[in-house]
Amino acid sequence: MTPLLAARGVRKSFGGVEVLHGVDLDAAAGSIVALLGENGAGKSTLVKILAGDYTPDAGEIAIGGERYSQLTPISARAAGVRMIHQEFQDAPTLTVAENISLGRLPSRSGLVRWREVRERAETVLAQMGVTLSPSAPVGKLRVGERQVVEIARALSDEARVLILDEPTAALSQQEVDRLFAFLRRLRDQGTAIIYITHRLDEVHAISDRVQVLRDGSVAAEGKTEDFDRARLVEAMIGRAAAALSRPPAPTWPLGETPALELSAASAEPAFRNVTLAVRPGEIVALYGKLGAGSAEVAETVFGLRKLTSGTLAVGGKPGTARGPAASISRGVGFVPADRKREAILPVRPVAENVAASSWRRLAKLGWLISRRSEAAAYKRWHDALSIRSRNDPLQPIITLSGGNQQKVVLARWLERGSPLLVMIEPTRGVDVGARAELYASMRELASDGVAMLISTSDYEEVVQVADRALVMARGDVVVELAGDEITTSRLLTEAGG
Ligand code: ADP
Ligand code: MG
């Protein structure tokens, strides 16, 4: 049978570096292919070419028998390709209903038919079995809910080929289950689905076929049932497995008094019986899949959740903080997973973003001086963290790349002098090259005595940055690993299928 979508020999370079070396991909009607690969393997680039967002340097794409040497967003859309991007493409100030009809608002004689916009939203949300108000502004929704809106937009637009680029990174387990239920239904109605993930457990749950990309080439392809976990891991990481480099062990002395100490700490039902200490100069990772409890531990340390039993101490002082304000004054800095929504002031200058948590101190001398001290603070961290920007304190932060935005958020807490930084998914949406730089900045800060607790679902991140790692599954700490025990295969095995 000819696949609904067939890509042949797709090549793509960025700035003279080829990142796709002649890749084939087939997606059949009524089937789900999982596109797998490590960060940077080329998954997003490949599907952006299929959606017409990028022009390939070579290759051919056939959709429903029609051949294209290059697609445009318009021709891809006309051919029935719909994509749900890794980064949100929604319009935060518009409502759920408006977002669902974004780019194809129904109109007659130049007037938008708002009732139709609303009905279209109600219909698709009902089909999906979700209760979201069509009139809610999307910017006010949780990450998982925004994802639902993006999916609703693709569904209401009758995709023939639906592409999802790592859609579950921000979803709760319940939301993932619901997403999988929709996808199966769509598949059974004949949609061809390309599902990008780097979560192995999802592959068997959802896909009929798998294709693994490694360094811009196809490393393996076949029926999902023929690939067990070990074979997938091998195809994904190949010989490069051992090459993921560990940071050298700290050469600096660790502080005596732990910056953070948890003892038999539980916040039911999210996690239980967590015992850990993070000393000044140390980076400790909590590694777990979504719903494993690791993000919830981090949130608890920042005072966003309450312990149901056990104890927590910051800088040797016991007691749970009552809310973020109390945590900040205890010296805890927090870098949340959803940077765009919770951490940055997107259209404000970078300098203001750095100063945001130190305003009271910087503003002591009045507005003018505060602008000047903001700028000075920004310059200092620009240099210390190698923030790639125009080095202009007034540059809006949203114009920086993800990795550099994240450095600005880090700078905010460093400017405040927080001795303990708690981060959730610190490199989510940050590209591979910038990740390495961010890790280097984090190690540098550790050498200056900053303590860091990172919650992450990215095992590579753990390997590359953590001195110690606690692996979590279903709310429990499964094992604690230190130094060279922290390897990709060990993390994947301990976190379970
Ligand atoms: P994946 O989605 O598998 O993580 P990507 O397709 O995002 O991988 O990236 C593949 C490679 O291409 C990476 O090395 C990445 O840095 C590079 N890359 C992706 N998009 C761009 C871009 N717009 N400009 C320059 N390099 C890019
Ligand atoms: Mg990607």
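With a probe of 1.4 Å, find how much accessible area the range 33-142 has per residue, and write the answer as a whole number in Å².
49 Å²
How much of the accessible area of the range 181-325, probe 1.4 Å, is carbon plus sulfur, in whole percent?
Result for the range 181-325: 51 percent of the exposed heavy-atom area is carbon or sulfur.
Report, in degrees rounded to the nearest 10, the 0 to 90 angle that the Cα long axis of helix 432-447 makes with the longest principal axis of the chain.
10 degrees
List the residues whose amide H sits under 5 Å from the amide H of A34, counting only those 5 or more places along or on another chain, with H placed 1.01 Å from N in the peptide plane.
Y195, D208, R209, V210, Q211
Compute the acute angle (0 to 90°) between the alpha-carbon long axis of helix 143-156 and the principal axis of greatest extent of the alpha-carbon atoms of the chain; round to the nearest 10°.
Once rounded, one gets 10 degrees.
Calculate the spin-label point distance for S135 paired with T123, positioning each point 7 Å from the Cα along the beta-carbon direction, and give it in nanometres.
Those two pseudo-labels are separated by 2.2 nm.
In the chain, what percentage of the DSSP-assigned beta bridges are antiparallel, given to the nearest 5?
Looking only at bridges with both residues in the chain, the antiparallel portion is about 55 percent.
Take the Cα gyration tensor of the range 1-114, multiply each eigenvalue by 5, square-root it, and list the three semi-axes largest first, rounded to whole angstrom.
In descending order, the three semi-axes are 29, 18, 14 Å.
On a 0 to 90 degree scale, rounded to 10, what angle separates helix 173-188 from the longest Cα axis of the chain?
Roughly 10 degrees between the two axes.
Please go through the residue pairs K223/K289; K12/K407; K140/K407; K140/K223; K43/K306 and name each one whose alpha carbons sit more than 32 Å apart in this structure.
Values: K223/K289 25 Å; K12/K407 29 Å; K140/K407 25 Å; K140/K223 41 Å; K43/K306 39 Å.
Violating the 32 Å limit, Cα to Cα: K140/K223; K43/K306.
Hey, can you grab everything whose amide H is under 5 Å from the amide H of I454? Only 5+ residues off in sequence or another chain; H modelled, so Pro and N-termini drop out.
Answer set, sorted by chain and number: V284, A285, L286, M423.
Given DSSP loops and a limit of at most 13 other Cβ atoms within 10 Å, what is the longest stretch of the chain that contains no such GluC sites (Glu not before Pro)?
Counting only loop sites that pass the neighbour cut-off, the longest clear stretch is 257-497.
With only Lys, Arg, Asp and Glu charged, each at its Cβ (+1 for the first two, -1 for the last two), find how big the charge dipole of the range 404-497 is about the Cα centre; round to the nearest 20 debye.
Here the range 404-497 has a charge dipole of around 300 debye.
Sorted from largest to smallest, which semi-axis lengths in Å does the alpha carbon gyration tensor of the range 254-316 give for its equivalent ellipsoid, taking the root of 5 times each eigenvalue?
Computed over the range 254-316, the values are 20, 13, 9 Å.
If the convex hull of the alpha-carbon atoms of the chain is projected onto planes in all directions, what is the mean projected area in square nanometres?
Computed as one quarter of the Cα hull surface, the answer is 24.7 nm².
Under a cut-off of 13 Å between alpha-carbon atoms, report the aspartates and glutamates in cross-link reach of K317, not counting same-chain residues fewer than 8 places apart.
E261
Contact order normalised by length for the range 233-314, with contacts defined as Cα pairs under 8 Å and 6 or more residues apart; what percent is it? Show your work: numbers first, answer last.
Details: 106 pairs, mean separation 27.1, N = 82.
It comes to 33 percent, rounded to a whole number.
Let me know the shape class of the range 117-179, please: from the alpha-carbon gyration tensor, a ≥ b ≥ c as square roots of the eigenvalues, rounded when a/c is under 1.5, otherwise prolate if a/b is greater than b/c, or oblate.
Verdict is oblate for the range 117-179.
Run the simple label-point estimate for A78 and L345 please: 7 Å along Cα→C-beta, distance reported in nm.
The two pseudo-label positions are separated by 4.6 nm.
Expressed as a whole percentage, what fraction of the accessible surface of the range 1-111 belongs to carbon and sulfur atoms when a 1.4 Å probe is rolled over the protein heavy atoms?
For the range 1-111, the apolar C and S fraction of the accessible surface comes to 50 percent.
The values are calculated or read from the model by the stated rules, or taken from the named source; none is laboratory data. Note that the coordinates shown come from a computational prediction; the quantities given were computed from them, not determined experimentally. With ideal geometry, Cβ positions are generated from the backbone for all residues, glycine too; neighbour counts draw on all protein chains shown. What goes into the accessible areas is simple: the full protein's heavy atoms, side chains included, and nothing from ligands, DNA or RNA. Shrake-Rupley method; radii C 1.70, N 1.55, O 1.52, S 1.80 Å.
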